[in-house]
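To start, the structure under review is shown below, and the notes come after it.
The values are calculated or read from the model by the stated rules, or taken from the named source; none is laboratory data. Model, not experiment: these values are computed from the prediction. Counting neighbours? That spans all protein chains shown, and the Cβs are built from the backbone with ideal geometry, glycine included. Keep in mind that these areas ignore ligands, DNA and RNA; they rest on the heavy atoms of the full protein, side chains included. Shrake-Rupley method; radii C 1.70, N 1.55, O 1.52, S 1.80 Å.
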Amino acid sequence: VIQAKEFVEAARELGFSRYTGVPCSFLTPFINYVINDDSLEYVSSANEGDALATAAGSAIGGQPAIVMMQNSGLGNAVSPITSLSYVFRIPFLIITTHRGQPGVKDEPQHELMGQITKELFDTMKVPWEIFPKAKEEIGPALKRASEYMKKEQRPFAFIMQKGTVSSEELKKNPVKDISTRNKEYRSLHKPDASITNRNNALKRIIELTPENKTVLIATTGFTGRELFATDDRANQLYMVGSMGCASSLGLGIALARPDLKVVIIDGDGAGLMRMGNFATIGSYAGNNLIHILLDNEVHDSTGSQATVAGNIDFAKIAEASGYSVSLTGNDIELIDEVFNTKAHDGPVFGHLKISSGTMDDLPRPDITPNEVLTRLMKHIETSF
Ligand SMILES: Cc1ncc(C[n+]2csc(CCOP(=O)(O)OP(=O)(O)O)c2C)c(N)n1
């Protein structure tokens, strides 16, 4: 048995001060220790996949991060592990518990995942070790993990067995109280607006995002491809996979780099897929995060199948999730309004109705995801 402090302080020596995840009762002492310590940051994520993407964003912003989760949540994490951290090569440390460990009595819902946890990591090409059980194992284990992450720029996992960490009392709440925040919701819908398209919206966003002060994260599908085709700048990242994770990745970058404005360009399908992250952004993001959702009411990139977006007021959801300013509109001027919002202490949301359809002969980026990331990190002067 180890003390949480022994691991956390050894990890701090290696630069880890940011944590995110979804709890497991095996992890309680560990999470409590992190939450209690004011010099460590803990983001309570809605979903393990979002937690991974936020940790990836933090690493991109120059702050290595640790994701803590129950192995039940590994299913939620498969998409960002296979199509974000693997493809772009983004390192972070995963600590997952081993519920349902074969031979150890546990609840029925953990049985199968307990049997396949190690194989699942193997299948996803994430190397793993058993979480250290004695103080003297911590340093060498962290050194191996850290060396792998530096060399391969991919995640490494520790699998924590029952009773590994001795108990730790929770002394404070990890979540910032935003109940007194001034929240503004505004509808700019016009009865006679001529609906714009994705490309015009992206062109205006490009004009309003100076390369040296902003980072743009474009969601999966046509949005990233159109942004690339319109102007392929060093401050942009195209999420080729991990649909829905643009907002959680952007949150991680925005938290690690408060000096930069992080602009997330989401889609209605992607926003719906990971709407839990609206709540995480509302509670944790500062005023350097702008979340724009281009809503064509369809999964345009896969053949224009309808989403339920026509029935949804995304800006009301953002407002109710705690964003400082939440705007909705059907005219391109909404983009300017989003960038011109007055002083506010939290994130800004802009929901713009657009038409479906894309540019003729839409190219795919001819630069690899890893090249895009390397260029972005050089541009914002960070490294893993
Ligand atoms: C997890 C996951 N599910 C499905 C897909 C396939 N896919 C790629 S883009 C896309 C549609 C995205 O829709 P939306 O966010 O509304 O953006 P639009 O295509 O309309 O620009 C889908 C379903 C995927 N890449 N990842």
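So here's what we get for this one:
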item	result
Contour minus Cα-Cα distance for ASP259 and LYS5 (0.36 nm per residue)	88.4 nm
Heavy-atom surface of the chain, accessible at 1.4 Å and reported per residue (Å²)	40
Percent antiparallel among DSSP beta bridges (both partners in the chain, rounded to 5)	5
Kirkwood Rh in Å, taken over all unlike Cα pairs in the chain	21.2
Summed residue charge, Cβ within 12 Å of SER39's Cβ, Lys/Arg positive, Asp/Glu negative	-2
Spacing of the two label points (7 Å from each Cα toward its C-beta) at LYS162 and ARG144, in nm	2.5
Paramagnetic reach from LYS176 in the stretch 283-314 [backbone N under 15 Å; point 7 Å along Cα→Cβ]	283-291
Cα-based helix-to-principal-axis angle, 111-123 vs the chain, degrees rounded to 10	70
Percent accessible area from carbon and sulfur atoms, the stretch 227-372, protein chains only, probe 1.4 Å	49
Longest site-free stretch - the chain; sites: GluC sites (Glu not before Pro), DSSP loop, at most 11 other Cβ within 10 Å	170-380
Using alpha-carbon coordinates, inclination of helix 48-60 to the longest axis of the chain, degrees	80
Computed label-point distance, nm, for sites ARG375 and SER355 using a 7 Å Cα→Cβ extension	3.0
Max mean-square fluctuation residue, GNM over the chain, Cα-Cα springs under 10 Å, options ILE367, ILE354, ILE90	ILE367
Accessible surface of the stretch 128-216, 1.4 Å probe, proportion on carbon and sulfur as whole %	49
Among GLY57, ASN182, GLY15 - extreme Cα towards positive end, dipole of the chain, charges at beta-carbon	GLY15
Kirkwood Rh, angstrom, the stretch 242-346 [1 / mean 1/r, Cα pairs]	14.0
Gap separating the Cα centres of the stretch 318-349 and the stretch 295-310, nearest whole Å	23
Neighbourhood charge, 15 Å Cβ-Cβ cut-off, centred on LEU74 and excluding it, Lys, Arg +1 and Asp, Glu -1	-2
Acute angle (nearest 10 degrees) that the helix 198-207 long axis makes with the longest principal axis of the chain, alpha-carbon atoms	80
ASN311 versus THR368: modelled label distance in nm, points set 7 Å from Cα along the beta carbon direction	4.4
Only Lys, Arg (+1) and Asp, Glu (-1) charged, at Cβ; the chain dipole about Cα centre in debye	660
Loop trypsin sites (Lys or Arg not before Pro), the stretch 314-361, which have at most 14 other Cβ atoms in a 10 Å radius of their Cβ (DSSP)	LYS342
